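Down below is the structure, laid out as structure tokens.
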Amino acid sequence: MCRMARPRKPLLSHDRIVAAASALVDAEGLAAVSTRRLAAELGVSGPSLYNHFRTKDEILEAVADATSAQVDLSMFEAGDGRGWRAALHDWAVAYRAVLTGHPNIVPVLARGPGRRPAGLRLADAVFGGMVAAGWPPAQATRIGALMRYFVMGSALGSFARGFVDDETAYDPADYPHLGQAHLLAERQEEIDEGAFQTGLRALLDGLQAQYDALPERARRSAAHGSTPAKR
């Protein structure tokens, strides 16, 4: 009996293209992605990619959604037991961990979820969790936006690495308070993580104060609504 020869390379698939594009974005940035480059990386002809994606933008949208899919959302599941504050904290930490691992795709994510399934599930989980906790729907929408701005902003770059390690670059005559700025880069992780945690605590403290000021009746009624536009 004659057996069919196995293909020398794995068959092209949606997931294989997204994985290759994600690796390319991580290594070289958004500008490095093109159908020609991806085809070369995958060892296929350029036109074969069009069976899965029509444009570069579609590929980047898929990479963005695959990134969103890595974010833990278990803290918003019914019965998880964490209160809204702990859930927001744990989600923000998990979200930032994913984005700092893939910072080059953040500008695409910053456009909003659009029609991306994982991105929409993320937005739905946060909004639903806040409404279930008693936040009015309009405020729950604002909280989701606020946290997204904060987490994405923290993942876009490093504050500490924004300073060079040359002490002569910061002349005290010009910058009297930056005498130690050249030392920041070597403490990058400590400084950036500390700044994120400080900001996150401040945000949550402010939200807690607003939540505590909500009338009990407003909390109960909010828990029965789930429309972002509702006020």
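Taken together, the values in this text are just the output of simple stated rules run on the coordinates, not laboratory data. A quick note: this is a predicted structure, and the numbers were derived from the prediction, not measured. So basically every Cβ, Gly included, is an ideal-geometry build from the backbone, and we count neighbours across all protein chains shown.
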Completion exercise
Length gained if Arg37 through Asp90 is fully extended, taking 0.36 nm per residue and subtracting the Cα-Cα distance, is 15.3 nm
Practice task
Report, to two decimal places, the Cα Rg of the chain normalised by 2.2 N^0.38 Å (N = number of residues).
Solution key: 1.30
Completion exercise
Taking alpha-carbon centroids only, region 126-205 lies from region 66-106 a number of Å equal to 17 Å
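Mind putting a number on the dipole of the chain about its Cα centre? Charges go on the C-beta only, +1 for Lys and Arg and -1 for Asp and Glu, and I need it in Debye to the nearest 20. All intermediate terms of the calculation are to be shown ahead of the outcome.
Details: 26 positive and 26 negative charges, 331 e Å.
Computed about the Cα centre, the dipole is about 1600 debye.
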Handout entry: Positive-end extreme of charge dipole, the chain - chosen from Thr198, Ala118, Ala92 (charges on Cβ)
Key = Ala118
Practice task
Would you calculate the separation in nanometres between label points at Gln70 and Ala169, each defined as 7 Å from the Cα along the Cα-to-beta-carbon direction?
Solution key: 2.8 nm
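Can you work out the FRET efficiency for the pair Gln210 and Arg115, with r the C-beta to C-beta distance and R0 = 35 Å, to the nearest 0.05?
Working: r = 32 Å, r/R0 = 0.91.
According to the calculation, E is roughly 0.65.
If each residue of separation counts as 0.36 nm, what is the full-extension length gain between Ala202 and Arg187 once their alpha-carbon separation is subtracted? Can you show the working numbers first?
Working: separation 15, 0.36 × 15 = 5.40 nm, distance 2.24 nm.
Stretched out fully, the Ala202 to Arg187 stretch lengthens by 3.2 nm.
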Problem - Point-to-point label distance, Leu156-His177, nm (Cα→Cβ direction, 7 Å offset) - result: 2.2 nm
